[in-house]
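The values are calculated or read from the model by the stated rules, or taken from the named source; none is laboratory data. Owing to the predicted nature of the structure, the values given are computational and were not obtained by experimental measurement. Virtual Cβ from ideal backbone geometry, glycine too; neighbours counted across all protein chains shown.
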């Protein structure tokens, strides 16, 4: 089994840490390959960043189909480009936020997300509602951390997360903590040991879900919503996406 983890930002140091998290839980025989698109933002911390990283995610999925991957993971906690990526492949595509939310709902009745800078709060609240977890996510807690701060000062980032996670337990009555950034993966086990409740990293959750779906021999439904995009012309810098649409339609 081959799983391609797509870090939608272009910071390769972060991609390497995401890869390590995925490999740490993959079963024997599962090959994990983590990549970043060749174009896009260095980090994703706004609607603007999410919008501009999506074409890179789509391109990596299409490349992956040619390379024989069995599943894809979008490794950014906003799950940018997730639904569009599902339209261009038969293979399962899993977002790390979606994976952590479904996993947490099995383990706890109520949980909080601890994430990066305050402007992310509304974005994640909207995502939680769209996924149908509004009643279970009791709070989206932000921190002063930017996405790339973890690479610059991991000890400082861990201490910031520790303080906010403790507040979530004390003030939100959270029964589990979801780490709202792919770069936080390395901290999950230590925080769980300290807090005594499940602390979930979305990358790890997504790898295990991807393995399960592939082993069930299930593919993305093409009956309606996630059908391959209709054939049409794209102009300018997006011209190649139109050509790829025609290719996918023919494959269907």
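Worth a mention:
- Sole residue being at pLDDT 95 or above and either in a loop (DSSP other than H, G, I, E, B) or over 15 Å from the mean Cα position of the chain (by Cα) (or both), chosen from 24, 19: 24
- The set of residues in segment 164-208 that are in a loop (DSSP other than H, G, I, E, B) and closer than 26 Å to residue 19 by Cβ comprises 176, 180, 181, 198.
- Evaluated against (1) closer than 29 Å to residue 10 by Cα; (2) out of contact with any helix residue (DSSP H, G or I) (no Cβ under 6 Å at 6 or more places or on another chain); (3) in a loop (DSSP other than H, G, I, E, B), residue 211 falls short on exactly one condition, (3).
- Condition check for residue 66: over 26 Å from residue 175 (Cα atoms), surrounded by fewer than 24 Cβ atoms within 10 Å (Cβ to Cβ) and out of contact with any helix residue (DSSP H, G or I) (no Cβ under 8 Å at 6 or more places or on another chain): yes
- Of the residues making up segment 27-56, those that are assigned to a loop (DSSP other than H, G, I, E, B) and over 16 Å from residue 117 (Cα atoms) number 10.
- Every residue from segment 103-151 that is touching a residue at least 40 places away in the same chain (Cβ under 8 Å) and assigned to a helix (DSSP H, G or I): 103, 104, 107, 120, 123, 124, 127, 150, 151
- Checked against the criterion of being surrounded by 15 or more Cβ atoms within 10 Å (Cβ to Cβ) and either part of a loop (DSSP other than H, G, I, E, B) or modelled with pLDDT of 95 or more (or both), the candidates 233, 245, 225, 220 yield just one match: 220.
- Residue in segment 91-114 that is assigned by TED's automatic domain parsing to the domain that holds residue 165, over 16 Å from residue 206 (Cβ atoms) and under 15 Å from the mean Cα position of the chain (by Cα) present: yes
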